[in-house]
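Student: Below is the structure I would like to discuss, written out as structure tokens.
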Amino acid sequence: MTRANSSRAVKRKRITCPEISEYMRMVETGKVPACKEQHQLMAYLRDVFANERLIIDYERIEEYRSYEKYFPFDLFPWEWFAFTLFMCVFKADGTPRWSQELVYMGRGGGKNGYDSFVAFCALTKVNGIRDYDVDICANSEEQAKTSFSDVWNILENTGKRAKFQKGFKWNLEHITCRSTNSTLKYRTDNPKSKDGLRSGMVIFDEVHAYQDWRNIKVFTTGLGKKPHPRRLYTTTDGDVRDGVLDNLLEKARRILAGEMPDNGFLPLIWKLDAAEEVHDKAMWPKACPSLPYLPVLMQQIEEEYADFLVNPAGNADFMTKRMNLPSGNPDYQVTDYENLKTASRALPDLRGMPCVFGIDFAKTQDFVAAALLFRRNGEYMAMHHSWVCKRSNDLPRIRAPLDEWEQMGILEYVDDVEIHPSLVCDWIYEQMAEYDVLGGAIDFYRHTTFMRALDEIGFSAKEKTVKLARPSDLMQVQPVINSAFLNGTIAWGEDPMMRWYTNNVKLVASAHGNYSFEKIEPKSRKTDGFMALAAAFTASDQLPETSEIEFMAPLTF
């Protein structure tokens, strides 16, 4: 039945649009299990509709619905809910109420199918904007092409080719709607070739793979040249921390908690609330709302769950990608990422306090890091600095935002054949003007490289002011470091590079219940900053208990 269109902007204490209200009621009544963020979303939406004058374009919804028959699937309730809010709800001035949408859900939920439907609809006369180009972006061509190929197959292989040729022209790289001259393309990870884009919509597929915002900014700076610019982010979780996805999730949670205005950003989050929920199959739709409609997918996830129970470390992706809960495995990661964020809290004034340093590097032609470690009132505080050799062969592999960290002052590029030890020791010497540096530690097998430079600033192994840390020493401090993370008794300030370093370290079980620190991946995931901190921990017995001691800042004459 066709509904009468209402072009008037009105406030709605009761939402009468089934595409929106049906899924909302399913969540609110418990018909489908839903995470905390889903319940927050429903309360947030009811508040928006009750207090803002909005247009729900029913006629547009009906016309978009007529396209569903061309697709090899029916849209699930969550998809119509997400689609209608994104494409059919407008402010009083006719602009989209939500111009950005984040769809964050477990693998298998149909995100690519959703992307293809949104992209197809955006090209058409129902959207009605000429030259409203749609770009689907991902880090790999295979991923970027997935939703594009869904639309291409509908036009090419559903037996209606002749009919579609009246309205579209297409090849394996472009799909263009004749009536609007809007073109769908897929694009990959090469930002230098994207200048001059005039997109109407950009779809970012599997955002978890983006380490930084460089590529996204290239695509989004082209928005605004056409009416109703939109961005759609769809993704599972992944292994990259402190990247684009974590930024988007933090923004989403602040919006849902009422801590900041949404500014047109619609956060749709599906995930488990707690790790123990994985053992209750009834909770799995919290992460994948399509699961109740897909018995084959349910069987597949059941098989993966059985493998996960037998070997959690070897099947860590099950929690990360199926359940959107990247809590990590205690036998694999150094600590939970939430603990790393807790460690990123602000540091107190440490001037005049005693501390010890740690230095770490694999080779001076790559990365070198130094850290200072303090202890006060039973808590550890740290600060770090890194040097990166511009001639490192590994730099092209690294996707971390090194330039941003340089601007923050925590990283220093060195344009030379290597990072000379004097640079690192000069930094430590500068810190001695602010802090009481008692001594430090460096890897036993690499001490020779730094011996002379350390001696020049007053530290030496001979005088026992430099500890030559062996692997066994690092094993001894691993429980101390683990306890500090678990209890939130370590802080290093707002230092995303330390979060990156630490998230790149894995624990490997050794004899007698001990663990050693090792790199997850040796070329692109550096660990030097964390290992410098761990080295400092091996010298922490030099730190006095400071709970009742007042320290003066060093005097300068």
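Student: Give the cross-link partners of Lys363 among the lysines, using a straight C-alpha distance below 18 Å as the criterion and excluding same-chain residues fewer than 8 apart.
Tutor: Lys390, Lys519, Lys523, Lys526
Student: Calculated FRET efficiency, Ser483 and Tyr293, Cβ-Cβ r, R0 56 Å, to nearest 0.05?
Tutor: Values: r = 45 Å, r/R0 = 0.81.
Between Ser483 and Tyr293 the formula returns 0.80.
Student: What spacing in nm lies between the two simple spin-label points modelled at Leu309 and Glu141, each 7 Å away from Cα in the Cβ direction?
Tutor: 4.3 nm
Student: Write down the percent of antiparallel bridges among all DSSP beta bridges whose residues are both part of the range 108-235, to the nearest 5.
Tutor: Taking every DSSP beta bridge within the range 108-235, about 35 percent pair in antiparallel fashion.
Student: In terms of Cα to Cα distance under 21 Å, which lysines are near enough to Lys145, apart from those fewer than 8 places away along the same chain?
Tutor: Lys111, Lys169, Lys185, Lys192, Lys194, Lys217, Lys321
Student: If I stretch the segment between Ala275 and Arg178 completely, what's the gain in nm (0.36 nm per residue apart, minus their alpha carbon distance), one decimal?
Tutor: 30.0 nm
Student: Now, a different point. Can you tell me what share of the DSSP beta bridges in the range 358-483 is antiparallel? A percent to the nearest 5 is fine.
Tutor: So the antiparallel bridges in the range 358-483 amount to around 60 percent.
Student: Separate question: Any idea what angle helix 421-431 forms with the longest principal axis of the chain, computed on alpha-carbon atoms, 0 to 90 degrees, nearest 10?
Tutor: Tilt relative to the chain: about 90 degrees.
Student: Related question: For the pair Gln476 and Asp349, what calculated FRET efficiency results from E = 1/(1 + (r/R0)^6), where r is the Cβ-Cβ distance and R0 = 41 Å, to the nearest 0.05? If you can, show how the numbers build up before the last one.
Tutor: Details: r = 31 Å, r/R0 = 0.75.
So the FRET efficiency works out to roughly 0.85.
Student: Please list, in order, the residues from the range 56-88 whose amide nitrogen is less than 14 Å from a point placed 7 Å along the Cα→Cβ vector of Thr158.
Tutor: Answer for this model: 64-75.
Student: Here is a follow-up. As a test of the formula, what do you get for the chain when each DSSP H run with n ≥ 4 contributes -39,500 (n - 2.57) and the sum is divided by the residue count, at 222 nm and rounded to the nearest 500 deg cm²/dmol?
Tutor: -10500 deg cm²/dmol
Student: Would you mind working out the magnitude of the charge dipole of the chain relative to its Cα centre, with +1 at each Lys and Arg C-beta and -1 at each Asp and Glu C-beta, to the nearest 20 Debye?
Tutor: Values: 69 positive and 78 negative charges, 596 e Å.
So the dipole magnitude of the chain works out to roughly 2860 debye.
Student: Which of the aspartates and glutamates could a cross-linker span from Lys125 if the Cα-Cα distance has to be under 12 Å and same-chain partners fewer than 8 positions apart are dropped?
Tutor: Glu63
Student: Further question: If you line up the long axis of helix 18-28 against the longest principal axis of the chain, both from Cα atoms, how many degrees apart are they, to the nearest 10?
Tutor: That helix lies at roughly 40 degrees to the long axis.
Student: Here is a follow-up. Given R₀ = 41 Å, what would the calculated FRET efficiency be for Tyr67 paired with Glu404, taking r from the Cβ atoms and rounding to 0.05?
Tutor: FRET efficiency, Tyr67 to Glu404: 0.50.
Student: While we're here: Ser510 label point, 7 Å along Cα→Cβ, cut-off 18 Å on backbone N: hits in the range 460-486?
Tutor: 467-483
Student: Determine the percent antiparallel among the DSSP beta bridges restricted to the chain, to the nearest 5.
Tutor: The answer is about 45 percent antiparallel.
All of the numbers you see were taken from the coordinates with simple rules; none came from a lab. Just so it is clear, the model here is predicted, and its values are computed rather than measured. So basically every Cβ, Gly included, is an ideal-geometry build from the backbone, and we count neighbours across all protein chains shown.
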